[in-house]
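Student: Could you have a look at this structure, given as C-alpha cells, before my questions?
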Amino acid sequence: MKKIIGIRREDKNIWERRVPLIPEHIKNLKNYFGIETIIQPFERRAFSDKEFEDAGANINENLTNCSVVFAVKEIPINLLQNDKTYLFFSHTIKGQSYNMPLLRKIKDLKCTLIDYEAITDKSGKRLVFFGKYAGLAGMIDALYGYGKRLKELGFASPLLGLKPAYEYESVEEAIIHITEIGREIKSKGMPDSKAPYVFGFMGYGNVSKGAQEIFDILPHQEIAPEELKDLHRNSNNVFYKVIFKEEHLVEPKNSDQIFELQDYYNNPHDYKSKFEEYIPYLSLIVNAIYWTEESPRFLTKEYFKLVKNRKLDVVCDITCDLNGAVEFTEKSTVSDNPAYVYNPDDDSITDGYIGDGILDIAVDNLPTELPRNSSIEFSNSLHQFVPDIVNVDITKNFDEVDFPPEIKRAVIVYKGNLTEDYKYLEEFIK
C-alpha cells in the first residue's frame, strides 16, 4: 500500500506563503522512506510548484488519496475529509471559541488532529515552531515603525532608511541592510532630544531571541532592569537593551509571599504587574511573552491615561493577544498596514503613524513576512517526525498506538475522540 502525504495550499489570507515541508525534505521522504507527496498548486507559495515537482512531488488539487495532510493554518471546515490525520496550527488548545466549530467537525468526521503547538519534549519545550521568525520580522517592523513614528514627531533618523520585513527577499538581505543602518547610527547618531534610546524586551523565549538577534546588529549595550533608574547616559549613537523576565514583570498580590516562578505559572491570578515601575524609562517595548486571561496586564489603559509625560513611543506587540498583556492592542494588523496610534486620552486608535499617543505594531502573522526562511526552519524541525506519523498503525487504540512521545502529546483528537489530555475542550465545544 502506497504511503502518500498531502500538503494543502494556504488560503487563510493573502499574506500566507509558508509551507510546512520544503522540497528538500519531500525529496528525502520519497528517496529514503518511500513516502510520496501530493501538493496542491499555489502561485504565492514561498517555494514554487516547480521546485516541489523537481523534488518528486505530484502537483494535484485532489488530496483524497492522502492519509496524512499537512498545512500551516487552519483548514476550512468544508474541505475536511473523513478519517484523515491532519497537522496544522489549530488554535483550539485554549478553547478559542472561533475554532470550536472546526474541532467539532474534526470529531464528527472521525479524524485525527495533531497540533504543531503541542509537539513538545517531556519538559514541555516546544519542538516545532515559527516563533524565532515572528521575532525576526517583528523587530524589523518595529525598527521601521520607530523610524516612521519619529518622523511624524518631527525627528529624522537613520531608521527611516529601513523597509518593512516583507519587502526584504530574505533574512540575510535584511541583516545586510540593518548592518548598514547600524553604521550610520554609530557615525551620525539619532536625535539628541530622544536619548537615551532604551528598548525593553518582555520575555526571553524563541520569539524574544529572534527579535534580539535583529536588534543586536545595531550598536547597543545591554543593561539590567535594575539599572534603568540610574541610566543618565544621553549618548545618541547607541541603543540600550533591557530584558524583562517574570520576576521583573510580576509580584505576588500577597505581600507576605515571595515570588516563585513555578507558582506564577500555576497561579497567575495570584500575581499583579509591577512592570509600570520600568515603563517611564523605555523608548520602545517588544512584547514577546506567553499570556493567558488569568495573567496580569502589563501595559494598561489606566496607566497611560494617568501618565502624561511619556518617553514610550512604540510598542511592538508580537504576541498580539487582543486587550491582553498590552491592553490597548485593540486589533491585529496586516503587513502592509501594520500600525496604529493609541490615544489614552479618549481611548481611540488611528491607523498609521500619525496622532497623539503610542504607536502599536500588532501584526498577528509575522513569520509570513519572511516566508522562505521561516518555512526552512519549520521543516527542519518537523520532517524528522513524518515517517513515524505516516507509518503508525492508526487502527490501534490511542493507548496502544506507537506515535513518538513528542507527537503523542500533540494529538488533540484521535479518530474522532478528544484524547485524555484534551478532554477539557469538551466543555468549550458544547
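Student: Residue check: is VAL334 open to solvent by less than 60 Å² (accessible area, probe 1.4 Å) and in contact (Cβ under 8 Å) with a residue 12 or more places away in the chain?
Tutor: No, not satisfied.
Student: Still on this structure, please answer the following. Please go through region 189-240 and give me each residue that is open to solvent by 60 Å² or more (accessible area, probe 1.4 Å) and under 18 Å from PHE275 (Cβ atoms), ordered by number.
Tutor: TYR204, GLU226, GLU227, LYS229
Student: Oh, and also: Residue check, LEU160 against (1) free of Cβ contacts under 8 Å to residues at least 24 places away in the same chain; (2) closer than 30 Å to PRO268 by Cα; (3) surrounded by 13 or more Cβ atoms within 10 Å (Cβ to Cβ), all met but one. Which one?
Tutor: LEU160 satisfies every listed condition except (2).
Student: Run VAL128 past the list (1) touching a Ser or Thr at 6+ places or on another chain (Cβ under 8 Å); (2) assigned to a loop (DSSP other than H, G, I, E, B); (3) in contact (Cβ under 8 Å) with a residue 40 or more places away in the chain; (4) open to solvent by 10 Å² or more (accessible area, probe 1.4 Å) and report the number of the one that doesn't hold.
Tutor: (4)
Student: Kindly provide the set of residues from region 339-364 that are touching a residue at least 60 places away in the same chain (Cβ under 8 Å), open to solvent by less than 20 Å² (accessible area, probe 1.4 Å) and over 16 Å from LYS305 (Cα atoms), ordered by number.
Tutor: Of everything in region 339-364, those that are touching a residue at least 60 places away in the same chain (Cβ under 8 Å), open to solvent by less than 20 Å² (accessible area, probe 1.4 Å) and over 16 Å from LYS305 (Cα atoms) turn out to be ALA339, ILE361, VAL363.
Student: Quick check: is even one residue across region 302-314 within 23 Å of the chain's Cα centre (by Cα), open to solvent by less than 10 Å² (accessible area, probe 1.4 Å) and over 30 Å from LEU231 (Cβ atoms)?
Tutor: no
Student: Report whether or not PHE47 is closer than 19 Å to ILE394 by Cα, surrounded by 23 or more Cβ atoms within 10 Å (Cβ to Cβ) and of a type outside the set (Ser, Thr, Tyr).
Tutor: Answer is no for this residue.
Student: Within region 53-60, is even one residue in contact with a Ser or Thr (Cβ under 9 Å, 6 or more places away or on another chain), surrounded by 14 or more Cβ atoms within 10 Å (Cβ to Cβ) and more than 29 Å from ASN31 (Cβ to Cβ)?
Tutor: The answer is no; no qualifying residue exists.
Student: Which one of these does ILE176 not meet: (1) open to solvent by 50 Å² or more (accessible area, probe 1.4 Å); (2) at pLDDT 95 or above; (3) touching a helix residue (DSSP H, G or I) at 6+ places or on another chain (Cβ under 9 Å); (4) not aromatic (Phe, Trp, Tyr)?
Tutor: Looking at each condition in turn, ILE176 falls short on (3).
Student: Further, regarding this structure: Of all residues being in a loop (DSSP other than H, G, I, E, B) and β-branched (Val, Ile, Thr) in region 206-224, which is nearest to the chain's Cα centre (by Cα)? Just the residue, please.
Tutor: Only one residue fits best here, namely ILE217.
Student: Regarding PHE155, is this residue in a loop (DSSP other than H, G, I, E, B), of a type in the set (Phe, Trp, Tyr), within 30 Å of ASN417 (Cα to Cα) and open to solvent by 10 Å² or more (accessible area, probe 1.4 Å)?
Tutor: No, not satisfied.
Student: Moving on to the next point. For VAL326, indicate whether it is of a type outside the set (Phe, Trp, Tyr) and either closer than 30 Å to HIS269 by Cβ or touching a residue at least 60 places away in the same chain (Cβ under 8 Å) (or both).
Tutor: yes
Student: Return the only residue of LEU80, LEU63 being at pLDDT 95 or above, touching a Gly at 6+ places or on another chain (Cβ under 7 Å) and either within 19 Å of VAL386 (Cα to Cα) or open to solvent by 10 Å² or more (accessible area, probe 1.4 Å) (or both).
Tutor: None of the other options fit; the residue is LEU63.
Student: Which residue, of ILE354, ILE285, ILE289, is under 23 Å from LEU136 (Cα atoms) and in a loop (DSSP other than H, G, I, E, B)?
Tutor: Matching residue, one of ILE354, ILE285, ILE289: ILE289.
Student: If you go through region 374-383 one residue at a time, do you hit one that is open to solvent by less than 10 Å² (accessible area, probe 1.4 Å) and among the hydrophobic types (A, V, I, L, M, F, W, C)?
Tutor: Scanning region 374-383, I find at least one residue that is open to solvent by less than 10 Å² (accessible area, probe 1.4 Å) and among the hydrophobic types (A, V, I, L, M, F, W, C), so the answer is yes.
The values are calculated or read from the model by the stated rules, or taken from the named source; none is laboratory data. Note that the structure is predicted; figures quoted are calculated from it, not measured. Because the Cβ atoms are built from the backbone with ideal geometry, glycine has one as well, and the counts that use them run over all protein chains shown. Accessible surface is based on the protein model in full, side chains and every heavy atom, while ligands, DNA and RNA are left aside. Shrake-Rupley method; radii C 1.70, N 1.55, O 1.52, S 1.80 Å.
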